[in-house]
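The values are calculated or read from the model by the stated rules, or taken from the named source; none is laboratory data. Keep in mind that this is a model prediction, so the values were computed, not measured. A quick note on method: Cβ atoms are made from the backbone with ideal geometry, for glycine too, and the neighbour counts reach across all protein chains shown. The protein model used for the area step is the full one, side chains on, heavy atoms only, and it has no ligands, DNA or RNA in it. Shrake-Rupley method; radii C 1.70, N 1.55, O 1.52, S 1.80 Å.
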Amino acid sequence: MNLGIAGSGMIVKDLMQTIHRLHFDKIYILGREASREKVERMVEENHLSGSFYEYEKMLEADVDVVYVALPNHLHYDYARKALEYRKHVVIEKPVTSHAGELAELIKLAGEQKRMIFEAMTIHYTPSYQALKADLEKLGKIKIVSFNYSQYSSRYDAFKAGTILPAFDPHMSGGALMDINVYNVHAVLGLFGVPQSARYYANVERNIDTSGMMLYDYGSFKAVSIGAKDCQAPVTSVIQGDQATIVIEKPVNQMTEYRILYHDGQEELRRFGQDEHRMYYEFTEFIRMIEENDFEKCQKMLDLSHEAIKLMTRTRREEGIRFENDW
């Protein structure tokens, strides 16, 4: 299986840490002409198969899967083009700028009999799988809080008048799309679609620099907080009437958590310390493609669709509009 990577930014550098554990036969990278020196250095340092500077040329090559690792507003166009060339597509989070774009991609993928995956690492890590199983130890769930607050150096530039992609509404940026998306996926992956949800954001220059999503599940309530304009200890908790789970890392980086029982006992759960977090998702993407496991692919795609539908509706209700919104 051959992989074509569209992009050469930080997330691609992350992937390079585990790329040769994934058993791709050939790995190509697509870069901009202006970044040729950086791209060629990446090819050489990581022993990749080659580089391209025109997307169509890469799609015409012997590529089976395209990994779209570009700014958010480009995900739809690049994924659509790959599907038109009958390639499977892995799309970096958030999967698209809004739910309408993903619906179009799902339709096209069905026509082409190809798979779409969102590169949302949490769903595939051993720690998250164990977390789902351990929920039964908590009794009845009462309160859930996921927090990912991390002051961004880009916010300094934003305050000074320089708008970088993470804070650019023209590029589908903002705290919800950039950082709280992990928490949204964590909540929906654990508990399903809520009865209702509302996003409350701190909005500056038409973009959310921080905010909280409130979820009503009837018998319990949840909140997910994502902030790029302030910071706090990154602690998430799931509270039940018999025990509480405490996670002291962002959920996408979680390798351990503690279960605090009401009788005073404590259990430390540790997982996957030796593998890069991206290893697990790509290993499963490869398996699904090789085994034609469209059922599992559809299950994960349904989750991505529910997440982006929720994010699209609630950010629009909060008055946050993107240039490419339909």
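Counting residues in segment 236-258 that are of a type in the set (Gly, Ala, Ser), modelled with pLDDT of 95 or more and open to solvent by 20 Å² or more (accessible area, probe 1.4 Å) gives zero.
Taken over segment 39-72, the criterion of being open to solvent by 70 Å² or more (accessible area, probe 1.4 Å) and not acidic (Asp, Glu) is satisfied by Arg41, His47, Lys57.
If you go through segment 1-34 and keep only what is among the polar types (S, T, N, Q) and more than 15 Å from Ala69 (Cα to Cα), you end up with Asn2, Gln17, Thr18.
Taken over segment 28-54, the criterion of being assigned to a helix (DSSP H, G or I), over 17 Å from Leu3 (Cβ atoms) and not acidic (Asp, Glu) is satisfied by Ala34, Ser35, Arg36, Lys38, Arg41.
Scanning segment 100-130 for residues that are aliphatic (A, V, I, L, M) and part of a helix (DSSP H, G or I), we see that the one that is farthest from the chain's Cα centre (by Cα) is Leu108.
Looking only at residues in segment 55-98 that are of a type in the set (D, E, K, R), in a loop (DSSP other than H, G, I, E, B) and in contact (Cβ under 8 Å) with a residue 40 or more places away in the chain, the one that is nearest to Met300 (Cα to Cα) is Lys93.
Annotation: of all residues in segment 196-210 being open to solvent by 10 Å² or more (accessible area, probe 1.4 Å) and touching a strand residue (DSSP E or B) at 6+ places or on another chain (Cβ under 9 Å), the one that is farthest from Gly173 (Cα to Cα) is Ser196. If you filter segment 280-326 down to residues that are surrounded by 14 or more Cβ atoms within 10 Å (Cβ to Cβ) and modelled with pLDDT under 95, you find that the one that is nearest to Asp168 (Cα to Cα) is Asn324. On the stretch given as segment 164-173, residues that are in contact with a helix residue (DSSP H, G or I) (Cβ under 8 Å, 6 or more places away or on another chain), open to solvent by less than 50 Å² (accessible area, probe 1.4 Å) and either part of a helix (DSSP H, G or I) or free of Cβ contacts under 8 Å to residues at least 60 places away in the same chain (or both) total 3. For segment 9-32, filtering for residues that are within 19 Å of Ala79 (Cβ to Cβ), modelled with pLDDT of 95 or more, within 17 Å of the chain's Cα centre (by Cα) and open to solvent by 10 Å² or more (accessible area, probe 1.4 Å) leaves 1. Only a single criterion out of (1) part of a strand (DSSP E or B); (2) more than 30 Å from Gly139 (Cα to Cα) is not satisfied by Tyr257, namely (2). Which members of segment 123-177 meet the condition of being touching a Pro at 6+ places or on another chain (Cβ under 8 Å) and not polar (S, T, N, Q)? Across segment 123-177, the qualifying residues are Tyr148, Pro165, Met171, Gly173, Met177. Scanning segment 150-163 turns up no residue that is crowded, with 20+ Cβ neighbours inside 10 Å and in contact with a strand residue (DSSP E or B) (Cβ under 6 Å, 6 or more places away or on another chain). Residues that are of a type in the set (Val, Ile, Thr) and either within 20 Å of Glu317 (Cα to Cα) or in contact (Cβ under 8 Å) with a residue 40 or more places away in the chain (or both) do not occur anywhere in segment 152-162. Criterion first (open to solvent by 10 Å² or more (accessible area, probe 1.4 Å) and in contact with a strand residue (DSSP E or B) (Cβ under 9 Å, 6 or more places away or on another chain)) does Leu105 satisfy it? It is false that Leu105 is open to solvent by 10 Å² or more (accessible area, probe 1.4 Å) and in contact with a strand residue (DSSP E or B) (Cβ under 9 Å, 6 or more places away or on another chain). Among the residues that make up segment 144-155, is at least one of them at pLDDT below 95 and assigned to a helix (DSSP H, G or I)? Yes. Figure legend. Inter-residue proximity from segment 99-118: first residues farther than 23 Å from Thr283 by Cα, second residues of a type in the set (Asp, Glu) and at pLDDT below 95, beta-carbon distance below 9 Å, spacing 6+ or different chains. Indicated pairs: Gly100/Asp325.
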